[in-house]
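A.B. asks: Below is one structure. I have some questions about it.
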Amino acid sequence: MLPKHFESTLYLPFNYQSLKEHFEFLTPDAAPVDNVKLQDRSVWLILQGEQLLVEEKTGELPSFKPEQLRAEPLFIGLWRGLPCYVAPYSRSLSSPAGVVALDLMADEPLMSLPLLSLGALGRQLLQWQKNSSFCSSCGAAMDFIAGQWGKSCRGCGREHYPHVHPCIIVLIRRGEEVLW
Ligand SMILES: [Zn+2]
């Protein structure tokens, strides 16, 4: 379901450019005030390892909160105008009724480019949430900093931010040939 050609490397899978028309990236504290009620009109980015759960009929994100989530859902922004929450789902459970698990790392992913990119973003955010519960300096619990994805330590006050891992892809050309 991915395009055969990309206008620019900016539109490759997993780049923010690939999903920003559909997604407004916000911070957990920007969750709608009436959060509990609004969860009924939300979309759920549920990840089972590197598998994304989508509705079988539509191939879109489920609009209901699955039971037996492995951690508290985290508000991450608006997907096509609807509040979007990310949460992990146990690998040992089978998918909820009407939902299928699609592989984010497949050579030919069975989902749209924006959804694939959102899934990968959700995966990184869950990883950050999981690995940043406690301060690496003093071991105390950490809380999100207002308006940011960074966290500050309740014990020593140190601030921690998601780690950025830059990477590049190089295409080596010789006339009409490419090194493969
Ligand atoms: Zn600390």
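The values are calculated or read from the model by the stated rules, or taken from the named source; none is laboratory data. Since this is a predicted model, take the numbers as computed values, not measurements. Here the Cβ positions follow ideal geometry from the backbone for every residue, glycine too, while neighbour counts run over all protein chains shown.
A.B. asks: Residue by residue through the stretch 123-136, note down the ones that are surrounded by fewer than 17 Cβ atoms within 10 Å (Cβ to Cβ) and either assigned to a loop (DSSP other than H, G, I, E, B) or charged (D, E, K, R) (or both).
C.D. replies: The answer is 130, 133, 136.
A.B. asks: Moving on to the next point. Counting only residues that are free of Cβ contacts under 8 Å to residues at least 60 places away in the same chain and in contact with a helix residue (DSSP H, G or I) (Cβ under 7 Å, 6 or more places away or on another chain), give me the strands (runs of 3 or more DSSP E) lying completely in the stretch 45-92 with at least 1 of them.
C.D. replies: Per the criteria, 74-79, 82-88.
A.B. asks: Within the stretch 137-171, which residues are within 15 Å of the ligand (Cβ to nearest atom) and in a loop (DSSP other than H, G, I, E, B)?
C.D. replies: Hits for the stretch 137-171 are 137, 138, 139, 140, 145, 150, 154, 155, 156, 157, 158, 161.
A.B. asks: May I pose another question? Residues of the stretch 32-71 being modelled with pLDDT of 90 or more and farther than 12 Å from residue 99 by Cβ, which ones?
C.D. replies: Hits for the stretch 32-71 are 42, 43, 45, 47, 49, 50.
A.B. asks: Which members of the stretch 93-122 meet the condition of being small (Gly, Ala, Ser), modelled with pLDDT of 90 or more and not in a helix (DSSP H, G or I)?
C.D. replies: Residues satisfying the conditions are 98, 101, 106, 112.
A.B. asks: Is it the case that residue 64 is outside the structural domain of residue 149 (by TED's automatic domain parsing), crowded, with 16+ Cβ neighbours inside 10 Å and of a type outside the set (Val, Ile, Thr)?
C.D. replies: Considered against the rule, which asks whether it is outside the structural domain of residue 149 (by TED's automatic domain parsing), crowded, with 16+ Cβ neighbours inside 10 Å and of a type outside the set (Val, Ile, Thr), residue 64 comes out as no.
A.B. asks: Please state which one of 95, 112, 117 is away from the ligand (no atom under 16 Å from the Cβ), among the hydroxyl-bearing types (Ser, Thr, Tyr) and in contact with a Ser or Thr (Cβ under 6 Å, 6 or more places away or on another chain).
C.D. replies: 117
A.B. asks: Of the residues 145, 172, 168, which is under 25 Å from residue 71 (Cα atoms), hydrophobic (A, V, I, L, M, F, W, C), free of Cβ contacts under 8 Å to residues at least 60 places away in the same chain and not assigned by TED's automatic domain parsing to the domain that holds residue 69?
C.D. replies: 145 is the lone residue from the list that is under 25 Å from residue 71 (Cα atoms), hydrophobic (A, V, I, L, M, F, W, C), free of Cβ contacts under 8 Å to residues at least 60 places away in the same chain and not assigned by TED's automatic domain parsing to the domain that holds residue 69.
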